[in-house]
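Following: one structure in structure tokens, then a few remarks.
The values are calculated or read from the model by the stated rules, or taken from the named source; none is laboratory data. Keep in mind that what you see is a predicted model, and the values were worked out from it rather than measured. Note that each Cβ is placed from the backbone with ideal geometry, even for glycine, and that neighbours are counted across all protein chains shown. What goes into the accessible areas is simple: the full protein's heavy atoms, side chains included, and nothing from ligands, DNA or RNA. Shrake-Rupley method; radii C 1.70, N 1.55, O 1.52, S 1.80 Å.
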Amino acid sequence: MRTVNTVLGPIATEELGIVAIHEHIGYGMPGSELDSQWWKTPEQRYAETVPKLRAFHDYGGGTFVDATGICNGRDIDYYKSLSAKTGVHIVACTGFVGGDTALAHFARAGVDYLAEVFVHELTVGIGGTGSKAGVIKVGVSRGGRMTELDKKIYRAAARAACHTGAPIMTHLAIDAEPAIEIFHDEGLPLHRVIFGHADDGFNAERTRDRWIAELGGRVGFDTFGYETELADPPFWARPRQERLEHFLGFLGAGFLDQAIAGVDANCSPLGWPGVKGHTVNYLFEDLIPDLRAAGVDEATITRLFETNPADFLTVQTP
């Protein structure tokens with residue numbers, strides 16, 4: 001049986017349903033829990049998050065992949081409670097959003113140690129929760145170029161992925177050349193990697209999405225909903241139609257098998273106000289309707305939000 005690790009235990013791949021592939025229950029930079037301006041009680045976090053996940057479930061959503069790495073507010077016991085309360089499968093990750101979010105203990109560690117941490121969280125569990133991670137997160141640090149620490153984390157992630165059969169998702173798809181070199185060097189097939197945020201407004205012009213796909217990598221168009229049309233758009237916003245046309249062009253170029261779509265929602269932001277007017281349910285309220293209006297058929301929609309994510313998340317026998 002093909003399986004995926006969720007915070008409440010492994011489930012059959014066929015049970016995933018519609019997948020929100022790159023999202024956050026609550027993301028913040030290291031230390032944000034100490035910032036009194038944005039500190040939230042557990043009750044406030046629940047009040048923000050539960051209605052969004054319940055609506056996601058009511059719309060037909062099955063699985064929420066939390067891409068919040070180590071040091072960024074990951075809380076597995078909280079995720080377990082949310083999953084039980086809302087009926088949404090939650091997949092947690094190991095790894096780091098980027099080298100610049102790794103605290104000194106990890107930043108000073110070697111590749112072998114980091115790989116051991118990732119493998120432990122994928123095969124034994126995260127902390128004392130008993131819940132196994134289902135995906136490995138890596139990322140390009142601020143500045144737009146992979147740092148030496150980023151490269152060390154990518155190499156550790158590749159080794160852990162090869163050892164466990166878990167997939168990798170990246171924060172940003174820019175500067176993909178050194179990442180791909182590392183993955184090739186470690187013997188990791190690129191179809192086990194999503195190169196994420198290929199559509200964000202700040203980096204899209206520097207992202208070689210079709211080149212990545214030609215090499216076999218998966219490409220995440222996963223910042224849908226961060227639009228310049230919002231009342232207070234973030235710096236990575238992009239005009240709604242422009243982003244949609246970028247995605248449709250990628251599909252039209254023959255890369256459906258490599259395409260993954262998501263919205264990078266943050267249910268209850270930690271240490272910052274978040275982006276008002278944007279939730280995981282953009283997936284159902286705007287993105288899927290926009291795709292249908294553009295002539296995308298139901299088989300393709302199923303492929304994008306069910307088949308491709310399920311194939312990616314399935315633990316592959318090493």
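For the reader, a short list of remarks on this structure follows.
- Taken over segment 143-176, the criterion of being assigned to a helix (DSSP H, G or I), touching a residue at least 60 places away in the same chain (Cβ under 8 Å) and not polar (S, T, N, Q) is satisfied by A157, A160, C162, H163.
- You will find that of T3, T13, the residue that is touching a Lys or Arg at 6+ places or on another chain (Cβ under 8 Å), surrounded by 15 or more Cβ atoms within 10 Å (Cβ to Cβ) and in contact (Cβ under 8 Å) with a residue 24 or more places away in the chain is T13 and no other.
- For F195, the criteria (1) among the hydrophobic types (A, V, I, L, M, F, W, C); (2) surrounded by fewer than 22 Cβ atoms within 10 Å (Cβ to Cβ); (3) under 28 Å from R292 (Cβ atoms) hold in every case but one, which is (2).
- Among residues of segment 76-111, those that are of a type in the set (S, T, Y), within 18 Å of Y27 (Cα to Cα) and touching a helix residue (DSSP H, G or I) at 6+ places or on another chain (Cβ under 6 Å), counted: 1
- Subset of segment 127-138 [open to solvent by less than 10 Å² (accessible area, probe 1.4 Å) and among the β-branched types (V, I, T)]: V135, I136, V138
- Failed item, numbered, when Y282 is tested on (1) more than 22 Å from G26 (Cβ to Cβ); (2) out of contact with any strand residue (DSSP E or B) (no Cβ under 6 Å at 6 or more places or on another chain): (1)
- Options L230, L304, L256; residue that is of a type in the set (A, V, I, L, M, F, W, C) and within 18 Å of the chain's Cα centre (by Cα): L304
- Counting only strands (runs of 3 or more DSSP E) that fall entirely inside segment 1-58 and contain at least 2 residues that are among the β-branched types (V, I, T), the qualifying elements are 3-6, 18-23.
- Verdict on T41 being open to solvent by less than 20 Å² (accessible area, probe 1.4 Å) and among the β-branched types (V, I, T): no
- Tabulated pairs, segment 279-308, first open to solvent by less than 40 Å² (accessible area, probe 1.4 Å), second of a type in the set (D, E), C-beta under 8 angstrom, 6+ apart or interchain: V280/E23; N308/D257
- Listing of strands (runs of 3 or more DSSP E) fully contained in segment 61-121 that carry 1 or more residues being of a type in the set (S, T, N, Q): 61-66, 93-95
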